[in-house]
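**Q** For reference, the structure I am asking about is given below.
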Amino acid sequence: MTMNDTATLTIDGKTYELPVVRGTEGEVAVDVSLLRGTSGAITLDQGYANTGSCFSAITFVDGEKGILRYRGYDIADLARYSSFVETAMLLVFGELPTREERAAFRTMLGDQALLHEDLMHHFEGFPPNGHPMAILSAVINSLGAYNPDLLDIQTEREFRKVAAKLISKVRTIAAFSYRKSVGLPIMYPDPSRSYCENFLHMMFSVPYKEHVPTPEAQKALSLFLLVHADHEQNCSCSTVRMVGSSEANLFASVSAGICALWGRLHGGANSAVVHMLEQIHEGDISVKECIERVKRKEFRLMGFGHRVYKNFDPRAKVLKECATNLLSTLHIKDPLLDIAQELEEIALKDDFFVSRKLYPNVDFYSGLILRALNIPVNMFPVMFAMGRMPGWIAHWHEQHLEENTRIHRPRQIYVGPNVREYVPMKDR
Ligand code: CMC
């Protein structure tokens with residue numbers, strides 16, 4: 001970060017000098033943190049589209065050029081050479097691990113996979129059709145009740161333990177919430193299996209019939225989780241930071257992140273895309289009609305558009321290739337893939353989408369990978385949450401270590417009534 005310029009702002013004829021800050025990739029920001037103190041004015045930026053809320057050294061996105069890097073490493077390189085666990089370590093601890101470090105962390109993940117037996121009873125309390133995102137968020141938050149010694153992290157050792165706990169247990173809780181919802185017995189984690197293999201085992205093994213996922217299925221899952229692992233100050237990450245800024249513990253903060261992720265405009269978009277593709281496949285609406293109705297603004301083309309990417313989303317590129325390869329290797333003919341490709345092709349030539357710079361985002365093809373892995377649609381946002389866990393942890397930790405951090409507390413422009421006299425009930 002460098003600070004050597006100033007910007008000049010004039011309000012009511014009075015001029016104010018504001019520091020200009022530059023990031024390591026040349027991003028420019030005007031620092032308005034002292035503006036209200038000197039001028040009485042605040043800045044207004046609905047949806048925070050133009051607001052930098054923090055300094056961060058975790059993830060870099062250049063939306064105009066379609067660049068995404070975790071800790072300096074390009075997403076395409078990580079997708080090609082790395083695994084989810086290794087990338088999670090990169091995000092959470094700052095560097096790619098050595099072979100020994102990765103092995104030690106994998107052992108920690110294995111050791112942390114079980115849930116406290118009392119916590120298992122919580123699953124009994126949820127109704128059979130309870131959405132797995134509600135269950136995930138609630139159970140992740142209740143981990144705080146089972147780990148009172150880790151609510152106030154003081155050392156790096158404690159942080160490592162909580163990080164391993166969360167990255168491991170989110171997978172167990174995700175699988176258990178699915179098993180309960182379909183009335184199947186819980187399948188305990190097997191520490192001898194790798195991260196993705198263990199998840200697929202907990203999802204699909206049944207007593208006396210082990211599920212042995214193919215290497216291709218494990219690889220595709222690892223890639224899916226890896227590309228979701230972080231995306232700087234998105235809605236759920238900002239929620240984690242917002243909650244963490246009050247010095248709330250890590251369990252509570254990431255549980256709030258899961259709630260933020262649930263919405264259709266964020267992590268809920270992957271299931272919305274598949275619903276949309278299914279509707280087209282079932283003949284409720286044609287591809288052409290879908291595009292026309294989107295253009296009439298009756299609804300949005302799910303899995304398209306992004307607040308930051310005004311060029312292609314590099315994650316969509318990786319996932320499209322992964323979906324196509326996985327379906328072909330597993331000899332699956334998914335008609336939804338053809339529909340998605342047709343929609344993409346038409347949209348990318350249509351001025352409505354071109355002029356608004358709307359491209360496929362991470363959610364457009366991801367659901368096709370999950371379908372090929374037999375993951376049910378209501379679990380899609382849960383899968384996103386599993387992937388995003390390392391990013392949330394890394395951001396919470398970065399903020400926790402910062403010396404000059406303040407509670408997040410935006411201001412507002414009040415537009416309600418001016419002062420009024422209280423009217424007694426009998427006179428209303
Ligand atoms: N389909 C049709 N029109 C769209 C879409 C879309 N998917 N996205 C944006 N637009 C239009 C929007 O109507 C507006 O048009 P106009 O200028 O005529 O009013 C223009 O594009 C700008 O839209 P915006 O709402 O200002 O954009 P935003 O930056 O606030 O929203 C978004 C970003 C991702 C919420 C939005 O593109 C969207 O709703 N996409 C569909 C949902 C989706 O796929 N979400 C996943 C996002 S990526 C992963 C994640 O964050 O979880």
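The values are calculated or read from the model by the stated rules, or taken from the named source; none is laboratory data. Note that the coordinates shown come from a computational prediction; the quantities given were computed from them, not determined experimentally. Heads up, the Cβs are rebuilt from the backbone with ideal geometry, glycines too, and the neighbour counts pull from every protein chain shown. These accessible areas exclude ligands, DNA and RNA; they are computed on the full protein's heavy atoms, side chains included. Shrake-Rupley method; radii C 1.70, N 1.55, O 1.52, S 1.80 Å.
**Q** Rounded to two decimals, what is the ratio between the C-alpha radius of gyration of the range 48-147 and 2.2 N^0.38 Å? Mind showing how you got there, number by number?
**A** Values: Rg = 18.4 Å, N = 100, 2.2 N^0.38 = 12.7 Å.
So the range 48-147 has a normalised radius of gyration of 1.45.
**Q** How high is the relative contact order of the range 299-428, in percent, counting Cα pairs under 8 Å that sit 6 or more residues apart?
**A** On the way: 79 pairs, mean separation 40.5, N = 130.
About 31 percent, as a whole number.
**Q** Quick check for you: with a 1.4 Å probe and neighbouring chains kept, what is the accessible area per residue of the range 143-285, in Å²?
**A** On a per-residue basis, 40 Å².
**Q** Let me ask another. Using a Förster radius of 25 Å, what is the FRET efficiency between MET120 and ASP149 based on their Cβ-Cβ separation? Nearest 0.05, please. Each step should come with its number before you reach the end.
**A** Numbers: r = 21 Å, r/R0 = 0.83.
So, using R0 = 25 Å, E works out to roughly 0.75.
**Q** Connecting C-alpha atoms closer than 10 Å in a GNM of the chain, tell me which of VAL162, VAL240, VAL227 has the biggest fluctuation.
**A** Per the Cα network of the chain with a 10 Å cutoff, VAL162 tops the list.
**Q** Right, next: Could you run the Karplus curve 6.51 cos²θ - 1.76 cosθ + 1.60 with θ = phi - 60° over the range 274-280 and give me ³J(HN,Hα) per residue in whole Hz, x for Gly and Pro?
**A** Rounded to whole hertz, the list is 5, 4, 5, 5, 5, 4, 5.
**Q** Could you work out the equivalent-ellipsoid semi-axes for the range 1-87, taking the square root of 5 times each eigenvalue of the Cα gyration tensor, largest first, in whole Å?
**A** They are 35, 13, 11 Å, listed largest first.
**Q** A further question on this structure: Quick one: Kirkwood hydrodynamic radius for the chain, alpha-carbon pairs, angstrom, one decimal?
**A** 23.4 Å
**Q** Here's a follow-up. Using all alpha carbons of the range 334-420, what is the percent of pairwise distances in each 10 Å bin, ordered from the shortest bin to the longest?
**A** The percentages, shortest bin first, are 12, 23, 21, 23, 16, 3, 0.
**Q** So what's the back-of-envelope 222 nm ellipticity for the chain, counting only DSSP H runs of four-plus at -39500 (n - 2.57) apiece and dividing by all residues, rounded to 500?
**A** So the calculated ellipticity at 222 nm is -16000 deg cm²/dmol.
**Q** What order, most packed first, do the peptides 300-309, 167-176 have when packing is the mean number of other Cβ atoms within 10 Å of each residue?
**A** So the peptides 300-309, 167-176, ranked by packing, come out 167-176, 300-309.
**Q** Would you list the P(r) distribution for the range 188-344, with all Cα-Cα distances sorted into 5 Å bins from 0 and each bin expressed as a whole %?
**A** All Cα pairs considered, the percentages come to 2, 7, 12, 15, 17, 16, 15, 9, 5, 2, 0.
**Q** Work out Dmax and Rg for the range 165-235 from the C-alpha atoms and quote the Rg first, both in angstrom.
**A** So, for the range 165-235, Rg and Dmax equal 13.2, 45 Å respectively.
**Q** If you find the alpha carbon centre of the range 120-154 and of the range 84-102, how far apart are they in angstrom?
**A** Using only Cα atoms to place each centre, the spacing works out to 26 Å.
**Q** Which pairs break 30 Å Cα to Cα here: LYS169/LYS310; LYS297/LYS320; LYS14/LYS357; LYS65/LYS333; LYS219/LYS333; LYS320/LYS349?
**A** LYS169/LYS310; LYS14/LYS357; LYS65/LYS333
**Q** Right, something else. Using mean Cβ contacts within 10 Å as the protection proxy, how do 93-106, 255-268 order, highest first?
**A** Per-residue Cβ counts within 10 Å, averaged per peptide and sorted highest first, yield 255-268, 93-106.
**Q** Output wanted: per-residue J couplings in Hz (rounded whole) for the range 14-26, from phi through Karplus 6.51 cos²θ - 1.76 cosθ + 1.60, θ = phi - 60°, x for Gly and Pro.
**A** 9, 9, 10, 9, 10, x, 9, 10, 10, x, 5, 9, x
**Q** Quick one: compute the contact order of the chain, relative version, from alpha carbon pairs under 8 angstrom and 6+ residues apart, as a percent.
**A** Working: 573 pairs, mean separation 83.4, N = 428.
After rounding, I find 19 percent.
**Q** Along Cα→Cβ, 7 Å out, is where each label goes; now give me the distance between the ones at LEU401 and LYS65 in nm to one decimal.
**A** Output for this residue pair reads 2.6 nm.
**Q** Here is a follow-up. Once both labels are modelled 7 Å past Cα along the beta-carbon direction, what's the VAL415-LYS295 spacing in nm?
**A** Calculated label separation equals 3.2 nm.
**Q** Using θ = phi - 60° and the Karplus curve 6.51 cos²θ - 1.76 cosθ + 1.60, what whole-Hz ³J(HN,Hα) does each residue of the range 80-95 get, with Gly and Pro shown as x?
**A** Running phi through 6.51 cos²θ - 1.76 cosθ + 1.60 with θ = phi - 60° gives 6, 10, 9, 10, 4, 5, 5, 5, 4, 5, 4, 5, 6, 9, x, 9 Hz.
**Q** Search the structure for amide H atoms under 5 Å from the amide H of GLY268, placed 1.01 Å from N in the peptide plane, and list their residues when 5 or more places away or on another chain.
**A** GLY263
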